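Visitor: This is the structure I have questions about; it appears just below.
The values are calculated or read from the model by the stated rules, or taken from the named source; none is laboratory data. Here the structure is a predicted model, which is why all the values come from computation and not from measurement. Note: ideal-geometry Cβ built from the backbone for every residue, glycine included; neighbour counts use all protein chains shown.
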């Protein structure tokens, strides 16, 4: 009998792989601009190279990031790595919005309002607090969630095939040029 994925949205040290979703406050479509997408990718690369984050699959949508992740044994734990990623990107996206030729400056007001209404953050809230981690404790779940991630831009109507979307690991698995390297899962070959 296979285990089913946990839906209590907590990191369990006994599980190696997790499906996480990091969502922008109010599902604001900020990642329609390349400058913001590139900031996220640069920081995923940094976490992969310097914090022991293994990224097995990902897709950066307009308002959220889906990923299948794990960490190296010797690295800090996964919740801390994700927390640090979110804090760093939020801190750096705020000045990017202010300095860019962004026509949607209302976003700053919305992120500021959201921060003022959180006890843990009184200035600026970019990401929603929760990541909804779902433990993936068998190959079937890893394949299912990876396929779900890769199908997101297709279901959104942005591309015809998953590998046509630049900000997705579907390109890595298809052997196409990518915006970042990942830690491929052998079961998907």
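Visitor: Can you name the residue in region 26-40 that is more than 14 Å from residue 179 (Cβ to Cβ) and in contact with a helix residue (DSSP H, G or I) (Cβ under 7 Å, 6 or more places away or on another chain) and is also surrounded by the fewest Cβ atoms within 10 Å (Cβ to Cβ) among such residues?
Guide: Ranking the qualifying residues of region 26-40, first place goes to 26.
Visitor: Quick one: in region 136-151, of everything that is touching a helix residue (DSSP H, G or I) at 6+ places or on another chain (Cβ under 9 Å) and crowded, with 19+ Cβ neighbours inside 10 Å, which residue is nearest to residue 64 (Cα to Cα)?
Guide: Among those that are touching a helix residue (DSSP H, G or I) at 6+ places or on another chain (Cβ under 9 Å) and crowded, with 19+ Cβ neighbours inside 10 Å, it is 149.
Visitor: For region 41-52: of the residues being assigned to a helix (DSSP H, G or I) and touching a helix residue (DSSP H, G or I) at 6+ places or on another chain (Cβ under 6 Å), which is surrounded by the fewest Cβ atoms within 10 Å (Cβ to Cβ)?
Guide: 43
Visitor: Also, quick follow-up: Applying the selection to region 88-128, what residues are touching a strand residue (DSSP E or B) at 6+ places or on another chain (Cβ under 8 Å) and at pLDDT 85 or above?
Guide: Correct list: 89, 90, 126, 127, 128.
Visitor: Within the group 79, 153, 177, which residue is in contact with a strand residue (DSSP E or B) (Cβ under 8 Å, 6 or more places away or on another chain) and at pLDDT 85 or above?
Guide: 153
Visitor: With the structure loaded, tell me whether residue 64 is touching a residue at least 12 places away in the same chain (Cβ under 8 Å) and crowded, with 22+ Cβ neighbours inside 10 Å or whether it fails that test.
Guide: So residue 64 fails the test.
Visitor: Here's a follow-up. I want to confirm something. Restricting to region 144-170 and keeping residues that are within 12 Å of residue 60 (Cβ to Cβ) and without any contact (Cβ under 8 Å) to a residue 24 or more places away in the chain, which single residue is nearest to the chain's Cα centre (by Cα)?
Guide: 166
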